[in-house]
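Okay, structure first, notes after.
The values are calculated or read from the model by the stated rules, or taken from the named source; none is laboratory data. Every value quoted in this text rests on a predicted model; they were computed, and no experiment measured them. Cβ placement follows ideal geometry from the backbone for every residue including glycine, while neighbour counts extend to all protein chains displayed. When the accessible area is computed, the model is the full protein with side chains, heavy atoms only, and any ligands, DNA or RNA have been set aside. Shrake-Rupley method; radii C 1.70, N 1.55, O 1.52, S 1.80 Å.
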Amino acid sequence: MTEIEYYLVDVFTSLKYGGNQLAVFVDFKNEVSTENMFNIARELNFPEITFIKENHNDEIFNVRIFTPEYEVPFAGHPSLGTAFIISKYLLPKPKKSITLNLKHSNIIIDLTSINDIDKSDFIMEQAEPEFITTYKHQEVANGLGIQLEVLDIQKPIEEVSTGLPYIIIPIINLEKINQIKLDSRKVIDFLTQNKKYKTNSQTGLTTSLFFVTDETFDKSNSFNTRMFCVENENLIEDAATGSANGCFLAYLLKNKSTEISSMVEQGFQMGRKSYIYLNGKLKNDKYCLKVGGQVVDVSKGKWKV
């Protein structure tokens, strides 16, 4: 029976069992079919897993990313966690930057320390953002079944994508964001009516919801965020979402300031504290979107294919 190596890591945290879980599979011989990659994703039921399929001269690595529902063209914490595994286990010695060839685009990931991988930040530069749709506050309140007064009506609600689409929804304070409870069917109906569900969206992907507030648990952080997505007809919350935070960074550069440097806390409401560093600039209509954090090594093993 064929066996391939896999690694488990926690991303956007400096402590094990925080951040977001990721499994990284090394499949340079391409022994795992697309069907089996889906099967493994469903078996583990992590938010995402990755497969490293090719190594081009230790410079560019072909990577595929799967959720338990479908293959995605880009995702944040899987990119950083995969770069960590490449740096620590697959290269003769770590490099200052690694390029991942994903379905959506090539993503460059920089390391802040090649001498201590376990303490290094991994920082990706995301693709140029696409600003898709702006929503009325009452429309979102009615559609999602939340009170209008929970929404910060001074700030726009906007759908943004840097490879995966998110609706950025500002909330007035930490108390209200803590209290958010959503009904899966109501969310699916809202997304379907707006042609943002997998069955009728242009991309075949379901748009996710990203709630943000500038009140935080840890006063040294700038924003508290929560991300909800639909997987197999159920609404789930994500502990740390690099792609969503990249979209949020683009949103801030467009609507708040043309230079942003801040720390986002996510996953606090789930008991998996995550810290996502944002650094961005908007100049001459070009967005520079950098999202980073640490990665923690958890485990490694062999998977029977």
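Conditions first: (1) hydroxyl-bearing (S, T, Y); (2) assigned to a loop (DSSP other than H, G, I, E, B); (3) surrounded by 21 or more Cβ atoms within 10 Å (Cβ to Cβ). T50 passes all but one, so which condition is the exception? T50 satisfies every listed condition except (2). Considering E54, E43, E59, E31, the condition of being more than 23 Å from K273 (Cα to Cα), among the charged types (D, E, K, R), touching a residue at least 60 places away in the same chain (Cβ under 8 Å) and out of contact with any Cys (no Cβ under 9 Å at 6 or more places or on another chain) is satisfied by E31 alone. If you filter the range 148-161 down to residues that are out of contact with any helix residue (DSSP H, G or I) (no Cβ under 7 Å at 6 or more places or on another chain) and not in a loop (DSSP other than H, G, I, E, B), you find that the one that is least open to solvent (accessible area, probe 1.4 Å) is E159. Please work out which residue is nearest to the chain's Cα centre (by Cα), limiting yourself to the range 243-271 and to residues that are closer than 17 Å to K219 by Cβ and surrounded by 24 or more Cβ atoms within 10 Å (Cβ to Cβ). Looking at residues that are closer than 17 Å to K219 by Cβ and surrounded by 24 or more Cβ atoms within 10 Å (Cβ to Cβ), I get Q266.
Each residue in the range 272-292 was checked for being part of a strand (DSSP E or B), open to solvent by less than 100 Å² (accessible area, probe 1.4 Å) and of a type outside the set (A, V, I, L, M, F, W, C), and 8 pass. Checked against the criterion of being at pLDDT below 95, open to solvent by less than 80 Å² (accessible area, probe 1.4 Å) and within 25 Å of E231 (Cα to Cα), the candidates L182, L164 yield just one match: L164. Among the residues here, F211 qualifies as open to solvent by less than 20 Å² (accessible area, probe 1.4 Å) and not polar (S, T, N, Q).
Residues in the range 168-204 that are basic (K, R) and either touching a residue at least 24 places away in the same chain (Cβ under 8 Å) or assigned to a loop (DSSP other than H, G, I, E, B) (or both): K176, K181, K186, K195, K196, K198. Looking at the range 179-193, is at least one residue of a type in the set (G, A, S) and over 20 Å from the mean Cα position of the chain (by Cα)? Yes, the conditions are met somewhere in the range 179-193. Do we have any residue at all in the range 23-34 that's among the aromatic types (F, W, Y) and either more than 17 Å from T241 (Cβ to Cβ) or touching a Leu at 6+ places or on another chain (Cβ under 6 Å) (or both)? Within the range 23-34, one or more residues are among the aromatic types (F, W, Y) and either more than 17 Å from T241 (Cβ to Cβ) or touching a Leu at 6+ places or on another chain (Cβ under 6 Å) (or both).
When restricted to residues that are open to solvent by less than 10 Å² (accessible area, probe 1.4 Å), outside any loop (DSSP other than H, G, I, E, B) and closer than 17 Å to I86 by Cα, the range 22-47 contains 4. Could you say whether any residue in the range 217-227 is farther than 21 Å from D183 by Cβ, surrounded by fewer than 24 Cβ atoms within 10 Å (Cβ to Cβ) and of a type in the set (D, E, K, R)? So far as the range 217-227 goes, yes, one or more of its residues are farther than 21 Å from D183 by Cβ, surrounded by fewer than 24 Cβ atoms within 10 Å (Cβ to Cβ) and of a type in the set (D, E, K, R).
Screening D58 with (1) under 19 Å from the mean Cα position of the chain (by Cα); (2) charged (D, E, K, R); (3) not in a helix (DSSP H, G or I) gives one miss only, at (1).
Any idea which of (1) under 20 Å from I132 (Cβ atoms); (2) open to solvent by less than 40 Å² (accessible area, probe 1.4 Å) is the one A239 doesn't satisfy? That leaves (1) as the condition not met.
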